[in-house]
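The values are calculated or read from the model by the stated rules, or taken from the named source; none is laboratory data. Just so you know, these numbers come straight off a predicted model, no measurement behind them. Here Cβ is always computed from backbone atoms with ideal geometry, including for glycine, and neighbour counts include all displayed protein chains. These accessible areas exclude ligands, DNA and RNA; they are computed on the full protein's heavy atoms, side chains included. Shrake-Rupley method; radii C 1.70, N 1.55, O 1.52, S 1.80 Å.
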Amino acid sequence: GDSVTQMEGPVTLSEEAFLTINCTYTATGYPSLFWYVQYPGEGLQLLLKATKADDKGSNKGFEATYRKETTSFHLEKGSVQVSDSAVYFCALSEWRGQNFVFGPGTRLSVLP
Amino acid sequence: SQTIHQWPATLVQPVGSPLSLECTVEGTSNPNLYWYRQAAGRGLQLLFYSVGIGQISSEVPQNLSASRPQDRQFILSSKKLLLSDSGFYLCAWSWGSGNTGELFFGEGSRLTVL
């Protein structure tokens with residue numbers, strides 16, 4: 001079945017450092033790919049998404065590119081802030097979005 | 001615009017007691033509805049999803065059940081809670097037809113079973 005693998009962390013960075021969170025997937029078809037963010041005590045919010053190969057999703061300074069050849073969707077940000085501290089989930093969906101698969105989440109802590 | 005609400009936000013229950021968590025979506029019709037559980041420090045586990053009234057699919061065998069009595073209402077229940085049922089429960093919805101593949105989550109309900 002479909003699966004998502006991501007680095008589990010925790011990841012600790014200093015403010016203004018460069019961030020990469022790796023995500024790779026296994027899917028039988030052509031999934032849409034997502035990054036969700038969960039701030040402490042809250043539900044998940046969509047951060048960005050890409051629906052086909054070579055698409056780049058971007059939001060709030062975060063970017064991720066759908067790489068079909070390497071089945072990857074790595075999340076990057078050039079300069080993190082303390083407010084970016086959260087748990088980040090990579091996810092995919094197939095079959096008209098009824099089958100969502102999430103990675104285990106990566107906890108990011110940004111220190112001032 | 002669409003909104004999703006779930007309640008209660010926090011719940012402390014003794015082992016063996018019943019459970020009812022409720023989720024309501026507004027501003028859309030015939031959504032797909034989901035219940036996820038997030039154990040402490042862990043990822044998301046899909047518990048149930050529903051594509052319509054009375055249509056429930058269970059992903060994990062357990063002592064929990066779900067019901068969808070109305071188009072935009074999704075309820076998670078248990079007759080007798082176990083310690084292992086503690087966790088953060090998340091309701092979510094997605095578009096039914098013309099699906100964009102995005103999940104929209106509620107604020108979550110934290111359940112502690114003592």
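How many nm separate the modelled label positions at B:Q55 and A:T12, each set 7 Å beyond the Cα in the direction of the Cβ?
4.9 nm
At 0.36 nm per residue, and after removing the present C-alpha to C-alpha distance, how many nm does the segment from B:T112 to B:Q2 gain when stretched out fully?
Separation in residues times 0.36 nm, less the Cα-Cα distance, equals 36.7 nm.
Once both labels are modelled 7 Å past Cα along the beta-carbon direction, what's the B:S29-B:N63 spacing in nm?
Modelled inter-label distance: 4.0 nm.
Relative contact order for the stretch A:1-85: what is it in percent, counting Cα pairs under 8 Å that are at least 6 residues apart?
Contact order relative to length: 31 percent.
Can you quote the Å³ per residue value for the convex hull of the Cα atoms in chain B, rounded to an integer?
Each residue corresponds to 96 Å³ of Cα convex hull volume.
How much of the accessible area of chain B, probe 1.4 Å, is carbon plus sulfur, in whole percent?
54 percent
Could you provide, to the nearest whole Å², the per residue accessible area of chain B with probe 1.4 Å?
46 Å²
Taking amide H positions as placed 1.01 Å from N in the peptide plane, with prolines and chain starts having none, which residues 5 or more places from B:S17, or on another chain, fall under 5 Å of its amide H?
B:L81
Kindly compute the accessible surface that chains A and B hide from a 1.4 Å probe when together, both sides summed, and give it to the nearest 100 Å².
Buried surface at the A/B interface: approximately 1500 Å².
With no solvent and one equal point scatterer placed on each C-alpha of the protein assembly as shown, evaluate the Debye formula and give log10 I(q)/I(0) for q = 0.14, 0.16 Å⁻¹, two decimals.
Relative scattering, expressed as log10 I(q)/I(0), comes to -0.89, -1.12.
Treating each Cα of the stretch A:63-112 as an identical point scatterer and ignoring solvent, apply the Debye formula and state log10 I(q)/I(0) at q = 0.15, 0.20, 0.28 Å⁻¹.
The Cα Debye sum returns log10 ratios of -0.54, -0.84, -1.14.
Classify the stretch A:18-101 as rounded, prolate or oblate from the Cα gyration tensor: take a ≥ b ≥ c as the square roots of its eigenvalues, call it rounded if a/c is under 1.5, otherwise prolate when a/b beats b/c and oblate if not.
Cα axes put the stretch A:18-101 in the oblate bin.
Pairs of alpha-carbon atoms within less than 8 angstrom and 6+ residues apart define the contacts here; what relative contact order does chain B have, in percent?
After rounding, I find 36 percent.
Give me the accessible area per residue for chain A, probe 1.4 Å, as a whole number in Å².
About 47 Å² of surface per residue is accessible.
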